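S.K.: The structure under discussion is supplied below as structure tokens; questions concerning it will follow.
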Amino acid sequence: MKNFLKKIIRKLGYDIKKYQPNINVLPKVEIIDKISTEIYTIKHEEKMVPCKKEVLDYIFNNYEIKSIAELGCVWGVEGIYGRYIATKYQNTLVRMVDSHWTKEASELCSKYSNIMTISDNFGNSEILNKIGHVDAIIFFDVLLHQVAPDWDRMLQMYAPYTDFFVIVQPQYIGSPVTVRLLDLGYDGYFANVPHDKSHPTYKNLFEKMFEVNPGHGNRIWRDIHNVWQWGITDKDLVYKMNCLGFKLVYQKNGGIWGNLNNWENNSFVFRKI
């Protein structure tokens, strides 16, 4: 059959030649491994706590979040949660606020075009205009440290500037009501915080409680955010959010926090009504 076709083609005046491409004139194609060139592995990703990653994925998968602010994002994690959002949810504008930026955190965040870093104390009312209105605000292990403004006043400050609050932190179950931990006294305080009495930040804390801390302007040691300040109950947190016009749409109990039986690590998402 093949020979028959060849004869017919030759009778028609065509010559049959086996095509051999000239490799010298072929266009050069650069093969790029997309997976190896994208930022799929985020530095310090191992520092992410599963329940925090889970609550972030929940809010992005269930609501239209185009802008988000993380308040208090550097200590111990080098901004990993904001960078996770900027990587996985690339159409989101991420505002990251902290008063003590490390060089590494600043450099890592500077690589993202959708991250804006702000160096300031987010308890200052002036910073509200810098952050502006965002779809959601993140407080990870932050509210229990806030004094002047206190944790509930902090929520009140930011309530007009967002539609969602994402909160994860140890919640107090050692009392039916929220307590100021330092008011529990020396023994009661150190029985309820995850730091030893000899820790550099906590050493002689009670003796110098009303002395000015040189690293925090005119604040006394009793009012700095570097030490544990509040034992906030779930009931008081939910009540405060309801008073501000937000309803609870997500809650997960993470069980006892560390080795402290008076604390549970809980996650919350509140949505503006």
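The values are calculated or read from the model by the stated rules, or taken from the named source; none is laboratory data. All figures in this text were calculated on a predicted structure; none of them were measured in a lab. Note that we place each Cβ from the backbone using ideal geometry, even for glycine, and neighbour counts take in every protein chain shown.
S.K.: Just one of His133, His100, His44 is more than 26 Å from Phe246 (Cβ to Cβ) and touching a strand residue (DSSP E or B) at 6+ places or on another chain (Cβ under 9 Å); which is it?
M.R.: His100
S.K.: With the condition kept exactly as written, say whether any residue in region 79-86 is over 21 Å from Asn226 (Cβ atoms), over 15 Å from the mean Cα position of the chain (by Cα) and either assigned to a loop (DSSP other than H, G, I, E, B) or of a type in the set (D, E, K, R) (or both).
M.R.: There is no residue in region 79-86 that is over 21 Å from Asn226 (Cβ atoms), over 15 Å from the mean Cα position of the chain (by Cα) and either assigned to a loop (DSSP other than H, G, I, E, B) or of a type in the set (D, E, K, R) (or both).
S.K.: Which residues, taken from region 192-246, are outside any loop (DSSP other than H, G, I, E, B), touching a Phe, Trp or Tyr at 6+ places or on another chain (Cβ under 7 Å) and of a type in the set (Lys, Arg)?
M.R.: Scanning region 192-246 gives a single hit, Arg222.
S.K.: Exactly one of (1) surrounded by fewer than 19 Cβ atoms within 10 Å (Cβ to Cβ); (2) touching an Asp or Glu at 6+ places or on another chain (Cβ under 8 Å); (3) over 23 Å from Asn62 (Cα atoms) is unmet by Asp135. Its number?
M.R.: In the conditions (1) surrounded by fewer than 19 Cβ atoms within 10 Å (Cβ to Cβ); (2) touching an Asp or Glu at 6+ places or on another chain (Cβ under 8 Å); (3) over 23 Å from Asn62 (Cα atoms), Asp135 misses (3) alone.
S.K.: Hey, among the residues in region 220-239 that are of a type in the set (A, V, I, L, M, F, W, C) and either at pLDDT 95 or above or under 18 Å from Pro194 (Cβ atoms) (or both), which one's surrounded by the fewest Cβ atoms within 10 Å (Cβ to Cβ)?
M.R.: Filtering region 220-239 for residues that are of a type in the set (A, V, I, L, M, F, W, C) and either at pLDDT 95 or above or under 18 Å from Pro194 (Cβ atoms) (or both), the one surrounded by the fewest Cβ atoms within 10 Å (Cβ to Cβ) comes out as Val238.
S.K.: For Lys208, are the conditions met, namely being over 25 Å from the mean Cα position of the chain (by Cα) and either at pLDDT 90 or above or not polar (S, T, N, Q) (or both)? Working first, answer last.
M.R.: Working: over 25 Å from the mean Cα position of the chain (by Cα): yes; either at pLDDT 90 or above or not polar (S, T, N, Q) (or both): yes.
Yes; evaluated as a whole, the condition is true for this residue.
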